[in-house]
Structures are given as structure tokens and as C-alpha cells.
1. Check the stretch 65-81 and report whether any residue there is outside any loop (DSSP other than H, G, I, E, B), within 15 Å of the ligand (Cβ to nearest atom), modelled with pLDDT of 90 or more and under 15 Å from Leu120 (Cβ atoms).
2. Can you find even one residue in the stretch 145-156 that is part of a helix (DSSP H, G or I) and in contact with a His (Cβ under 7 Å, 6 or more places away or on another chain)?
3. On the given criteria, is Ile101 out of contact with any Gly (no Cβ under 8 Å at 6 or more places or on another chain), farther than 16 Å from Gln49 by Cβ and modelled with pLDDT of 95 or more?
4. How many of the residues in the stretch 157-170 are at pLDDT below 85 and either in a helix (DSSP H, G or I) or within 6 Å of the ligand (Cβ to nearest atom) (or both)?
5. Only residues in the stretch 145-170 that are among the hydroxyl-bearing types (Ser, Thr, Tyr) count as the first member; pair them with residues that are near the ligand (Cβ under 8 Å from one of its atoms), Cβ under 6 angstrom, at least 6 apart or cross-chain, and list the lot.
6. Identify all residues within the stretch 28-48 that are at pLDDT below 75, surrounded by 11 or more Cβ atoms within 10 Å (Cβ to Cβ) and in a helix (DSSP H, G or I); write none if there are none.
7. Within the stretch 91-112, is there a residue that is free of Cβ contacts under 8 Å to residues at least 40 places away in the same chain, part of a helix (DSSP H, G or I), more than 8 Å from the ligand (Cβ to nearest atom) and within 24 Å of Ala21 (Cβ to Cβ)?
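The values are calculated or read from the model by the stated rules, or taken from the named source; none is laboratory data. Predicted, not measured: the structure shown is a model, and the values here were computed from it. Please note: Cβ atoms are built from the backbone with ideal geometry, for glycine as well, and neighbour counts cover all protein chains shown.
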Amino acid sequence: MIVEGGKRRIPRLVLSLGLMALFVVAAVLIGLPQSIGLHRPRLDLLAAQPLKIQIHVGAALLAFCLGLVLFAAPKGTLPHRTLGWIWVIFMTTVAVSSLFITSLNGNAYSWIHMLSGYVLITLPAGVIAARRHRVLMHQRAMTGMFLGGMVIAGAFTFFPGRLMWRVIMG
Ligand code: HEM
């Protein structure tokens with residue numbers, strides 16, 4: 001949260017992502033997708049996946065939502081630290097589980113696995129920076145992982161042909 005002239009402002013990016021997420025949830029709840037010919041998310045496709053993919057997707061979606069809260073809420077407080085540790089656990093789960101998933105490139109790792117390596121290195125670096133009160137380094141590490149990891153990797157998973165695309169559109 002940015003403090004300006006005594007007033008607290010939520011960063012624009014967080015506000016936009018949060019509003020988009022709210023819009024999607026509200027649209028699904030009121031049945032908007034069905035009214036324009038789309039169907040409900042095919043959760044059966046997710047249920048049919050191996051446990052490693054279910055764990056990966058579950059942890060990723062939780063990390064995305066919690067990440068938005070962490071960006072918007074005051075920093076350095078006890079709730080920030082507690083939720084921050086929970087976010088670290090979710091992100092570790094996302095990155096470690098992804099090491100067992102090879103669906104895009106036959107049985108071999110694909111370029112997306114570079115992101116898993118990036119997260120597994122940057123995550124402890126970001127935590128160590130926070131513990132040493134290196135605020136800027138901590139902020140850069142966590143923001144980079146959220147934008148690069150969650151937003152970009154997350155958006156790629158909704159590309160045609162991939163599982164999340166089929167869950168929403170298939
Ligand atoms: C909202 C965020 C995310 C969602 C919904 C998501 C979802 C998925 C799904 C459904 C798969 C397997 C099926 C497919 O390829 O379509 C997958 C694979 C993968 N994900 Fe994610 N993911 C997210 C974030 C991340 C992040 C942050 C990382 C890196 C730390 C990551 C790394 C990977 C990797 C390496 C694979 C395997 C790609 C391959 O088969 O070569 N994902 N993800």
C-alpha cells in the first residue's frame with residue numbers, strides 16, 4: 001500500500017488485477033458466460049488430471065489470490081509476514097510440483113521450467129532480503145516473481161490447447 005499525503009493508495013496494478021478477478025467471479029456467479037453461449041468451467045477435466053497437476057494448479061491459484069492481498073495490504077506488519085510465509089509455501093509448491101510435470105515437450109523439460117528454476121532461486125533470496133531488512137531487494141524479488149511467475153506463466157496456461165484453456169473453453 002502506498003501512503004501519500006496521509007492517504008493510503010492501493011497500487012494501480014493490484015487494483016486492476018483484483019477488479020478483473022472480482023469481475024470474472026461475479027460474471028461466473030450470475031451465469032454471464034452461459035448467457036453468451038459459454039459453458040461452466042470444466043472442473044471435471046481438472047479432476048481427471050494426475051495429483052501433481054491438481055496440486056500445481058491449486059497452489060498457483062491460491063498464490064495468485066494471496067499475492068494480490070499481500071501487494072495491497074500494509075507491509076512489514078505481522079499479518080504481512082504471516083501471509084508472506086504462506087505465500088512462500090504456495091510458490092514453493094507451484095515451482096516444485098512443476099518439476100514433475102512434462103506435458104508440453106514430450107517427456108522432457110520445456111522452456112517454462114526455466115521459470116521454476118528462477119522461482120526456486122529468487123524465493124529464498126527474497127526471504128533473506130526481507131530478514132536483513134533490504135526492503136528494495138525484497139520488493140523487487142517478490143514483485144518479479146509475482147509478475148513473471150504468476151501473471152505471465154498464469155496467462156500462458158490459458159493459451160489454446162493447454163489444460164486451463166480447455167477447462168474454460170473446451
Ligand atoms: C495461475 C498460475 C498458474 C496456473 C493456472 C498454472 C497451470 C498449469 C497447468 C494446468 C499445467 C499443466 C498442463 C498444461 O501444460 O496445460 C502447468 C504446467 C507447468 N507449469 Fe504452471 N501454472 C501456473 C503458474 C506457474 C508458475 C508460477 C510456474 C513456475 C514457477 C509454473 C510452471 C509450470 C511448468 C514448468 C509446467 C510444465 C510445462 C511443461 O509441460 O513443459 N506454472 N501449469
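1. For the stretch 65-81, residues outside any loop (DSSP other than H, G, I, E, B), within 15 Å of the ligand (Cβ to nearest atom), modelled with pLDDT of 90 or more and under 15 Å from Leu120 (Cβ atoms): absent.
2. No; the residues of the stretch 145-156 include none that is part of a helix (DSSP H, G or I) and in contact with a His (Cβ under 7 Å, 6 or more places away or on another chain).
3. No, not satisfied.
4. The qualifying residues number 2.
5. Cβ pairs passing all conditions: Thr157/Met164.
6. Within the stretch 28-48, Val28, Leu32, Pro33, Gln34 qualify.
7. Checked against the condition, which is being free of Cβ contacts under 8 Å to residues at least 40 places away in the same chain, part of a helix (DSSP H, G or I), more than 8 Å from the ligand (Cβ to nearest atom) and within 24 Å of Ala21 (Cβ to Cβ), the stretch 91-112 yields at least one hit.
Residues are listed down the side, and each one gets a yes or a no for (1) basic (Lys, Arg); (2) closer than 26 Å to Asp44 by Cα; (3) surrounded by 12 or more Cβ atoms within 10 Å (Cβ to Cβ):
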site	(1), (2), (3)
Ala95	no, yes, yes
Tyr109	no, no, yes
Leu136	no, no, no
Thr143	no, no, yes
Ile168	no, yes, yes
